[in-house]
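To start, the structure under review is shown below, and the notes come after it.
The values are calculated or read from the model by the stated rules, or taken from the named source; none is laboratory data. Since this is a predicted model, take the numbers as computed values, not measurements. Ideal geometry is used to build each Cβ from the backbone, glycine not excepted, and the neighbour counts take in all protein chains shown. With ligands, DNA and RNA removed, areas are computed over all heavy atoms of the protein, side chains included. Shrake-Rupley method; radii C 1.70, N 1.55, O 1.52, S 1.80 Å.
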Amino acid sequence: MDEEVTLVGLTEDMQVNAVLFGFVGLYAMMFPGRVAACYLVGSHATSEAVGESDLDLTLVFKDTFLPGEEARFERFRTALGPLSRHPLDLNAVEEARLVAEGEVNLKENALLIAGEDLRERIPLMPLEAWTRHCMHQPYRFIERARARAEDAPLRFPLEYPDARGELYGYDYREVMDANGVLHRGFKELVTLACRMATAAVAVDAGRHTFSKRDAIQAHREHLHDTWTPLYESIFASRQQWGYRVPEDAAARATLRAACARMLDAENAFLARYRDYLLAELTRGRLSDRVLAARRLGDIAYPDAEVPEALQRLLEDAEPALREVARESLDRLARHRGDRASSAA
């Protein structure tokens with residue numbers, strides 16, 4: 001039976017609303033009767049979007065995924081992206097998982113687009129789980145900015161993504177405007193700064209944050225440390241120029257100065273991440289311990305403590321943990337001489 005396509009919530013942008021209407025119609029045909037709710041999250045939901053902001057959409061599937069449904073959603077997401085005039089960031093989640101584990105941004109800072117509003121049934125994610133989520137997030141942005149050989153881990157301390165570039169390589173990813181035109185951009189820089197601010201606030205202040213702006217403000221209010229002015233400067237650049245690298249030379253010089261400091265901030269975060277991962281090896285659920293062991297093979301730290309900790313896991317009672325520890329040790333061993341070789 002065909003589902004009626006209606007939008008429960010609207011943004012202030014009629015072009016965005018048109019995209020949302022089409023999206024709701026498409027997923028209703030692709031997954032008839034299976035989506036409990038569709039939420040818009042991120043800057044479009046909070047009226048803080050700039051011209052190159054993604055449309056961040058989350059589909060909540062009823063109860064749990066049916067066999068093959070996740071794979072079908074991945075194909076749907078891949079096919080749909082090029083059709084929209086606005087960059088789309090699509091995610092799918094099970095209703096049962098949200099109710100069991102809680103959420104943060106979707107619960108506190110989202111706009112219901114279609115379906116039934118489930119947020120009263122969704123608890124706020126416990127701080128420990130939120131902190132774990134936040135601590136793992138910056139790695140994704142740090143590692144994908146740096147080209148390296150296949151399977152090679154990141155090398156700590158990091159070097160700039162491109163030391164010879166005007167913005168030291170932090171403009172490695174283009175951004176698309178609402179007309180589908182690509183521009184030189186620094187969106188990844190802004191997202192990384194906000195992710196690191198979010199993680200610091202979670203760890204040091206024991207506080208959830210619900211948006212980029214909230215993370216930057218909370219960092220000043222609760223921490224106000226060495227990195228606060230840097231994060232504020234990068235976020236302010238987004239407010240001034242969107243995500244496009246500005247054409248004005250003075251403006252680019254301001255952005256370049258922030259990029260120059262970002263390497264130190266990344267290395268400070270990764271140093272702290274190392275200690276967090278080592279602690280994670282012996283606490284939390286098995287899946288948390290496995291992720292920590294895997295991540296310690298993704299980053300080559302120069303000290304002996306990491307391989308020694310992974311070596312101890314080879315005697316652990318959990319087979320999955322032993323296997324990942326072995327894989328991480330093998331990876332680190334295979335690439336141990338890479339930096340020395342490249343330097344020579």
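Is it the case, given these coordinates, that Leu291 is assigned to a helix (DSSP H, G or I), modelled with pLDDT of 95 or more and either over 30 Å from Ala317 (Cβ atoms) or open to solvent by 30 Å² or more (accessible area, probe 1.4 Å) (or both)? So Leu291 passes the test.
Counting only residues that are assigned to a helix (DSSP H, G or I), in contact (Cβ under 8 Å) with a residue 24 or more places away in the chain and of a type in the set (Gly, Ala, Ser), region 235-256 holds 1 of them.
Which residues, taken from region 153-175, are modelled with pLDDT under 95 and surrounded by fewer than 19 Cβ atoms within 10 Å (Cβ to Cβ)? The answer is Arg173, Glu174.
Considering Glu280, Glu308, the condition of being surrounded by 13 or more Cβ atoms within 10 Å (Cβ to Cβ) and at pLDDT 95 or above is satisfied by Glu280 alone. Evaluating Gln239 against the criteria (1) open to solvent by 40 Å² or more (accessible area, probe 1.4 Å); (2) of a type outside the set (Phe, Trp, Tyr); (3) under 22 Å from Glu327 (Cβ atoms) leaves one unmet condition, (3).
When you scan region 255-262, do you find a residue that is open to solvent by less than 20 Å² (accessible area, probe 1.4 Å), small (Gly, Ala, Ser) and at pLDDT 95 or above, even just one?
The first filter runs over region 255-262 and keeps only residues open to solvent by less than 20 Å² (accessible area, probe 1.4 Å), leaving 255, 258-259, 262.
Add one more test, that the residue is small (Gly, Ala, Ser), and what stays is 258.
Then keep just the ones that are at pLDDT 95 or above; that gives 258.
Scanning region 255-262, I find at least one residue that is open to solvent by less than 20 Å² (accessible area, probe 1.4 Å), small (Gly, Ala, Ser) and at pLDDT 95 or above, so the answer is yes.
Among residues of region 317-338 that are free of Cβ contacts under 8 Å to residues at least 12 places away in the same chain, those with a Cβ under 7 angstrom from a residue that is part of a loop (DSSP other than H, G, I, E, B), sequence gap 6+ or separate chain, pair up as Arg322/Leu314; Arg322/Asp316. Within region 319-342, work out how many residues are at pLDDT 95 or above, of a type in the set (Ser, Thr, Tyr) and more than 22 Å from Arg272 (Cα to Cα). Number of matching residues: 0. Taken over region 177-190, residues that are touching an Asp or Glu at 6+ places or on another chain (Cβ under 7 Å) and crowded, with 19+ Cβ neighbours inside 10 Å amount to 3. Taken together, Asp275, Asp316 contain a single residue that is out of contact with any Asp or Glu (no Cβ under 7 Å at 6 or more places or on another chain), modelled with pLDDT of 95 or more and assigned to a helix (DSSP H, G or I), which is Asp275.
Would it be correct to say that Glu280 is out of contact with any strand residue (DSSP E or B) (no Cβ under 9 Å at 6 or more places or on another chain), without any contact (Cβ under 8 Å) to a residue 40 or more places away in the chain and farther than 19 Å from Phe141 by Cβ? The answer is no for Glu280.
Filter the helices (runs of 4 or more DSSP H) completely within region 44-136 down to those with at least 3 residues that are at pLDDT 95 or above and open to solvent by 20 Å² or more (accessible area, probe 1.4 Å). So that I can check it myself, show each step before the final result.
Details: elements: 69-80, 95-101, 105-108.
Output list reads 69-80, 95-101.
Looking across region 283-299 at every residue that is without any contact (Cβ under 8 Å) to a residue 40 or more places away in the chain and not hydrophobic (A, V, I, L, M, F, W, C), the one that is nearest to Leu154 (Cα to Cα) is identified as Arg294.
Among the residues of region 169-180, not a single one is more than 27 Å from Leu296 (Cβ to Cβ) and in a helix (DSSP H, G or I).
Applying the selection to region 191-231, what residues are of a type in the set (Val, Ile, Thr), surrounded by 22 or more Cβ atoms within 10 Å (Cβ to Cβ) and under 23 Å from Leu88 (Cβ atoms)? Even if it seems obvious, please write down each step before you answer.
Taking region 191-231 and keeping what is of a type in the set (Val, Ile, Thr), we get 191, 198, 201, 203, 209, 216, 226, 228.
With the extra rule that they be surrounded by 22 or more Cβ atoms within 10 Å (Cβ to Cβ), the set shrinks to 198, 201, 209, 216.
Across region 191-231, the qualifying residue is only Thr198.
Being surrounded by fewer than 16 Cβ atoms within 10 Å (Cβ to Cβ), in a loop (DSSP other than H, G, I, E, B), out of contact with any strand residue (DSSP E or B) (no Cβ under 7 Å at 6 or more places or on another chain) and without any contact (Cβ under 8 Å) to a residue 40 or more places away in the chain is true of Glu12.
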